[in-house]
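Visitor: Input: one structure, supplied below.
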Amino acid sequence: MSTSEQRTADAPASARAGLGAGRPGRDVAGRAFAVLATGAGALILLTLAAVAVFLVIRAWPAMTTPADELADAISWIPEGTTLLQYIGPLVFGTLLAALLALAMAVPVAIGIALFISHYAPRRLASGLGYVVDLLAAIPSVIYGLWGGLWLAPRLEPAWHWLADNLGFIPLFAGPASTPPRVLMTVGVVLAVMILPIITAVSREVFLQTPRLHEEAALALGATRWEMIRMAVLPFGRSGVISAAMLGLGRALGETMAVLMILSPGFSYSFALLQAGEHQTIAANIANQFAEANPLGVSALIATGLALFVITLVVNMAARWVVARRKEFSGAN
Amino acid sequence: MAQRIDIKDLNVYYGSFLAVADVSMAIEPRSVTAFIGPSGCGKSTLLRTLNRMHEVVPGGRVEGTVAMDGVDLYGPDVDAVAVRRQIGMVFQRPNPFPTMSIAENVLAGVRLNNRRISKQDAADLVERSLQGANLWNEVKDRLNRPGSSLSGGQQQRLCIARAIAVKPQILLMDEPASALDPISTLAIEDLIAELRSDYTIVIVTHNMQQAARVSDRTAFFNIAGTGKPGRLIEMDDTRTIFSTPSVQATEDYISGRFG
């Protein structure tokens with residue numbers, strides 16, 4: 001009671017004090033917030049730099065050791081293999097698994113997102129969106145168990161069929177391995193894992209299509225699908241690319257599911273149905289790390305550095321794709 | 001190219017809400033018909049029933065008939081998509097497709113019907129449509145630039161070019177100049193005067209001077225109050241409506257006493 005009286009009594013006085021000196025407390029709060037926000041922004045850059053520096057410093061011993069010494073010191077690097085020759089197949093396997101997952105997940109994700117945003121009745125759409133978000137919350141080790149124990153046996157007949165009937169395509173070259181601990185199975189599981197994030201982001205973008213553009217297409221006599229092609233997909237294009245890159249990032253770095261399903265191997269093989277041909281960087285690190293000697297750890301960190309560079313390049317490429325047709329994006 | 005529209009006993013609903021009640025009117029070919037009235041009187045809603053865009057809104061439906069040259073647009077075997085291909089529409093805010101160039105925007109509707117239009121035919125159609133929309137001279141050197149690079153008034157004329165490129169029977173305009181500056185508005189009005197000889201034009205406008213300038217016939221709509229349906233109060237030659245209307249409410253509205 002008394003404070004409120006005080007405030008009303010003070011008000012004219014502070015008003016008389018002029019415009020600048022009104023409320024010093026506000027100024028401090030504003031400045032503090034500016035510092036906090038700048039600091040948070042700087043922290044991101046610092047973290048990125050710290051990770052990069054850590055990777056380079058810790059990978060340095062392996063990078064500077066001569067090849068034959070490296071092979072002598074590390075049991076799982078074969079004789080006569082340089083560090084780059086060791087990393088190469090891992091990079092290849094990582095990219096192949098991630099791209100495979102992306103190729104399977106993106107069309108399905110766009111389909112689900114369009115169904116939710118433009119086809120489903122409103123009540124069904126919100127329920128479905130919720131379920132998709134729920135998929136994203138399942139830990140990857142669960143996906144690994146499910147993929148290895150439940151999904152893989154069920155995919156096996158399909159892989160045999162592919163190898164028997166489409167084996168002339170190098171990707172499906174037979175014989176399909178039994179059990180199917182192959183990159184194709186990994187690709188399917190990774191696709192399921194990245195499906196939710198791609199779907200969720202795409203759906204949000206599609207929902208933001210301006211009503212005006214949708215009506216412009218409909219008024220020209222477009223069917224619903226033609227309207228989606230004319231207005232929704234072009235508008236959502238850059239958003240879908242961003243979504244795919246988020247998914248690709250997750251697929252590149254996914255460890256547990258790959259580790260639990262894939263039978264590893266180190267070659268540049270496109271035969272997705274054959275076991276013992278591929279390995280990914282993340283799964284390989286997890287596999288070897290516990291029993292590696294100091295130089296071995298350094299070699300593994302060098303593979304990690306390669307993964308770090310890949311993700312940076314992928315993200316920069318995505319930004320370049322998005323920015324290239326900015327003029328036509330509808331953002332202006 | 002131009003056809004007549006006959007509306008009979010039309011009720012327009014949003015879900016269970018009756019937005020426009022009991023409208024009957026005839027719209028003559030090769031003329032400009034203006035819908036005027038205060039906000040919320042249902043004139044835009046009625047316009048959108050003429051090309052079945054009303055039903056795009058969830059819950060949107062109509063009772064009664066809208067006949068184009070005797071064919072009921074809401075008949076059981078009439079396809080809404082086919083209706084919209086014959087009845088063009090220009091919206092309140094210019095809405096060129098932002099991802100398409102100026103030329104692609106003009107061709108957008110044509111490509112829906114005919115994917116394999118030859119390059120030469122396409123170029124001719126782009127030129128003819130843009131000339132029809134009085135925009136050719138301003139954009140002929142930058143047909144590959146995005147449509148969104150144009151000014152608001154140019155964008156709206158681009159939308160008109162896009163609408164007439166498919167050679168519609170009827171052209172509907174929903175306050176086509178309300179988001180534009182006076183000079184662009186004048187350009188649109190001049191264009192409407194030229195298009196009148198080829199098309200049946202229906203225009204919704206908030207601007208009574210505009211209705212007086214561009215239209216041959218004027219329909220005045222009004223509502224009794226919030227939540228009540230809009231109704232057609234009277235329809236007559238524009239000159240008559242603006243000089244000697246037969247209903248008191250019309251005179252009150254056009255003389256600026258309400259609305």
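Visitor: Give me the lysines in straight-line cross-link reach of B:Lys8: C-alpha distance below 29 Å, same-chain residues under 8 apart excluded.
Guide: B:Lys43, B:Lys167, B:Lys228
Visitor: I'd like the FRET efficiency for A:Arg26 and A:Ala49, computed as 1/(1 + (r/R0)^6) with the beta carbon distance as r and R0 of 35 Å, rounded to 0.05.
Guide: About 0.50, to the nearest 0.05.
Visitor: Please list, or write none, the lysines whose alpha carbon is within less than 18 Å of the alpha carbon of B:Lys119, excluding same-chain residues fewer than 8 places away.
Guide: Output for B:Lys119: B:Lys140.
Visitor: Let me ask something else about it. Taking the Cβ of B:Phe242 as the centre, find all other residues whose Cβ is under 14 Å away and add up their charges (Lys, Arg: +1; Asp, Glu: -1).
Guide: -3
Visitor: For the pair B:Ala193 and B:Lys140, what calculated FRET efficiency results from E = 1/(1 + (r/R0)^6), where r is the Cβ-Cβ distance and R0 = 25 Å, to the nearest 0.05? Write out the running numbers ahead of the final one.
Guide: Details: r = 23 Å, r/R0 = 0.91.
That gives a FRET efficiency of 0.65.
Visitor: Which whole number gives the average, over all residues in B:96-104, of C-beta atoms from other chains lying within 10 Å of the residue C-beta?
Guide: 5
Visitor: Next question, about the same structure. Treating only the Cβ atoms of Lys and Arg (+1) and Asp and Glu (-1) as charged, compute the dipole magnitude of chain A about its Cα centre; round to the nearest 20 debye. If you can, show how the numbers build up before the last one.
Guide: Details: 20 positive and 18 negative charges, 301 e Å.
Value, rounded to 20: 1440 debye.
Visitor: Now, a different point. Test of understanding: extend the Cα→C-beta vector of B:Met25 to 7 Å, then name every residue of segment B:69-97 with backbone N under 12 Å from that spot.
Guide: none
Visitor: Treat each spin label as a single point 7 Å out from the Cα along the C-beta direction, and report the B:Gln248 to A:Ala317 distance in nm.
Guide: Between B:Gln248 and A:Ala317, the label points sit 7.6 nm apart.
Visitor: Just to confirm, what accessible area per residue do you get for chain A at 1.4 Å probe, in whole Å²?
Guide: For chain A, the solvent-accessible area averages 53 Å² per residue.
Visitor: Which of the chymotrypsin sites (Phe, Trp or Tyr not before Pro) across segment A:250-293 are loop residues per DSSP, with 14 or fewer other Cβ within 10 Å?
Guide: A:Tyr268
Visitor: Continuing with this model, one more query. With r as the distance between the Cβ atoms of A:Tyr119 and B:Asp72 and R0 = 25 Å, compute the FRET efficiency 1/(1 + (r/R0)^6) and round to 0.05.
Guide: Efficiency at R0 = 25 Å is approximately 0.30.
Visitor: Enumerate the helices in chain A for which the Kyte-Doolittle hydropathy averages -1.0 or more and the C-alpha atoms extend at least 30 Å along the helix's axis, using complete DSSP H runs.
Guide: A:24-64, A:83-114, A:183-207, A:294-324
Visitor: Would you rank A:Val188, A:Val141 by solvent-accessible area, highest first, keeping every protein chain in place and using a 1.4 Å probe?
Guide: A:Val141, A:Val188
Visitor: Further question: I need the semi-axes of the equivalent ellipsoid of the protein assembly as shown: take the C-alpha gyration tensor, multiply each eigenvalue by 5, square-root it, list largest first in whole angstrom.
Guide: Working: eigenvalues 749, 231, 109 Å².
Calculated on Cα positions only, the semi-axes equal 61, 34, 23 Å.
Visitor: Can you say what percent of the DSSP beta bridges in the protein assembly as shown, counting only those with both residues inside, are antiparallel? Round to 5.
Guide: Bridges in the protein assembly as shown are about 55 percent antiparallel.
Visitor: If you don't mind, another one. Working out 0.36 nm times the residue gap between B:Ile183 and B:Arg257, then minus their Cα-Cα distance, what length gain in nm do you get to one decimal?
Guide: 23.9 nm
Visitor: Would you mind giving the total buried accessible surface between chains B and A, with a 1.4 Å probe and ligands, DNA and RNA left out, rounded to the nearest 100 Å²?
Guide: In total, chains B and A hide about 2200 Å² from solvent.
Visitor: Just to confirm the number: angle between the C-alpha axis of helix B:182-195 and the first principal axis of chain B, 0 to 90 degrees, nearest 10?
Guide: Once rounded, the angle reads 90 degrees.
Visitor: Still on this structure, I have one more. Rounded to the nearest 500 deg cm²/dmol, what is the calculated helix-only ellipticity per residue at 222 nm for the protein assembly as shown, with -39500 (n - 2.57) per DSSP H run of length n ≥ 4?
Guide: -17500 deg cm²/dmol
Visitor: Mind ranking B:196-204, A:124-132, A:80-88 by how tightly packed they are, going by the mean number of other C-beta atoms within 10 angstrom, highest first?
Guide: Working: B:196-204: 21.9, A:124-132: 14.0, A:80-88: 15.9.
Output ranking for B:196-204, A:124-132, A:80-88: B:196-204, A:80-88, A:124-132.
Visitor: Still on this structure: Please compute the average number of Cβ atoms from other chains found within 10 Å of each residue's Cβ in peptide B:53-63.
Guide: Mean inter-chain Cβ contacts per residue within 10 Å come to 1.
Visitor: Sticking with this structure for a sec: Hey, if you drop one equal point scatterer on each alpha-carbon of segment A:83-328 and run the Debye formula without solvent, what base-10 log of I(q)/I(0) do you get at q = 0.07 Å⁻¹?
Guide: -0.28
Visitor: Take the solvent-accessible surface of the protein heavy atoms, probe 1.4 Å, and return the percent of it on the protein assembly as shown that carbon and sulfur atoms account for. Walk me through the numbers on the way to the answer.
Guide: On the way: 17220 of 28580 Å².
Here carbon and sulfur together make up 60 percent of the probe-accessible area.
Visitor: If Rh is defined by the Kirkwood formula over all Cα pairs and Rg also comes from Cα, what ratio Rg/Rh do you get for segment B:191-259?
Guide: Ratio of gyration radius to Kirkwood radius for segment B:191-259: 0.99.
Visitor: Starting from the Cα-Cα distance between B:Asp237 and B:Asp121, subtract it from 0.36 nm times their residue separation and give me the gain in nm to one decimal.
Guide: Length gained between B:Asp237 and B:Asp121: 37.7 nm.
The values are calculated or read from the model by the stated rules, or taken from the named source; none is laboratory data. Just so you know, these numbers come straight off a predicted model, no measurement behind them. Please note: Cβ atoms are built from the backbone with ideal geometry, for glycine as well, and neighbour counts cover all protein chains shown. Areas reflect the complete protein model, heavy atoms only, side chains present, ligands, DNA and RNA absent. Shrake-Rupley method; radii C 1.70, N 1.55, O 1.52, S 1.80 Å.
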